[in-house]
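A.B. asks: My questions all concern the structure below.
The values are calculated or read from the model by the stated rules, or taken from the named source; none is laboratory data. Please read all numbers here as calculations on a predicted model, not as lab measurements. Every residue, glycine among them, receives a Cβ derived from its backbone with ideal geometry; neighbour counts consider all protein chains shown. When the accessible area is computed, the model is the full protein with side chains, heavy atoms only, and any ligands, DNA or RNA have been set aside. Shrake-Rupley method; radii C 1.70, N 1.55, O 1.52, S 1.80 Å.
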Amino acid sequence: MERTSTPDAEAARRLGLARARRWWVSGRRVRSIERATSFVNDVGFALLFPTPRVLAPSLWEAVTGEDVDPFEAGMGTDEQKVWTWKDELPRRGFAWYGAFIAGRGSFLSPALLAALYPGEGTIHDHEALPVSETAHEIARALDEEPVPSAVLRALIGDRNRYQRGVAELQRRLLVTTAGVHENRAGWPSAVLELTCRRFDVGGGYDPSFATEYFIDTLLQVTPADLARAFGWPLVTARARLDELVDTGRARSDGASYLTRPDDGAG
């Protein structure tokens, strides 16, 4: 008996194809750091590696295409490439990198970073935000210059406390990675830097722009998707999506929010 697609299945298929195009999964592969920069600037935000629990584009899939598992055969050429770029892109000021999108390692374009950055763009921005004393201590240690993570861990004196402090700072976009430091023994250490010294941020907070960028990249979203990605309360995420609908910059089908009709989604 011939099977026919249901309307819901067909809509899901079309959305999947549209996202593959939007997220650079289909089409020409990313093979250079310059093209990786173009990718991040286009999508606005991307995970380093994909995860089924987070709806977002990833640099890995832009490099390899779909259905290729990272590290399946160890540290291959593509793994080495994206692992290097996660340090080089922020070091060169091409893209912010840290644990942000749903708490995962992720890139932000300079434009989206500026719209989400919560401070005034000074080395003291952390003082006005509700973070732990450990996070404040790490931020103060970065006042003068970038510092290798191994040095910061030693300063804090406890690995778990250090990791939680860095996660707080990165979730608030106050700290980015900025290259690596070669150690005398063992693996290199990531170098941490205050975001405000590496990127042009401060005074440009624009959650409406960030929300519109989010829909433009994901094509169809729910308030929970937005809240999880940017760390906003669910009620705030819903209000910002509704604002876009009210101003004609998005549309809603009752259950989700979509790009404008003339954007070709849905």
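A.B. asks: What is the spin-label model distance, in nm, from Arg92 to Gln163 if the labels are put 7 Å beyond Cα along the C-beta direction?
C.D. replies: 3.1
A.B. asks: Quantify, in whole percent, the carbon and sulfur part of the accessible surface of the chain (1.4 Å probe; protein heavy atoms only). Mind dumping the intermediate values first?
C.D. replies: On the way: 6640 of 13200 Å².
In the chain, the share of accessible area belonging to carbon and sulfur is 50 percent.
A.B. asks: Taking R0 as 25 Å, what's the FRET efficiency between Met75 and Arg28 from their Cβ-Cβ distance, rounded to 0.05?
C.D. replies: Given R0 = 25 Å and the Cβ-Cβ separation, E is 0.55.
A.B. asks: Let me ask something additional. Tell me whether the chain comes out rounded, prolate or oblate; compute the Cα gyration tensor, take square roots of the eigenvalues as a ≥ b ≥ c, and use a/c under 1.5 as the rounded threshold.
C.D. replies: Here the chain falls in the oblate category.
A.B. asks: Sort 129-139, 172-182, 64-74 by the packing proxy (mean of other Cβ within 10 Å over each peptide's residues), most packed first.
C.D. replies: 172-182, 129-139, 64-74
A.B. asks: Can you give me the distance in nm between label points at Val54 and Tyr205, each placed 7 Å from the Cα along the Cα-to-Cβ direction?
C.D. replies: Calculated label separation equals 2.3 nm.
A.B. asks: Same structure again: Solvent-accessible area per residue for region 1-155 at a 1.4 Å probe radius, Å²?
C.D. replies: 50
A.B. asks: Arranged from highest to lowest average of other beta-carbon atoms within 10 Å per residue, in what order do the peptides 193-206, 87-100, 145-158 appear?
C.D. replies: Packing proxy ranking, top to bottom: 87-100, 193-206, 145-158.
A.B. asks: Expressed as an acute angle from 0 to 90° and rounded to the nearest 10, what is the orientation of the C-alpha long axis of helix 33-43 relative to the principal long axis of the chain?
C.D. replies: 60
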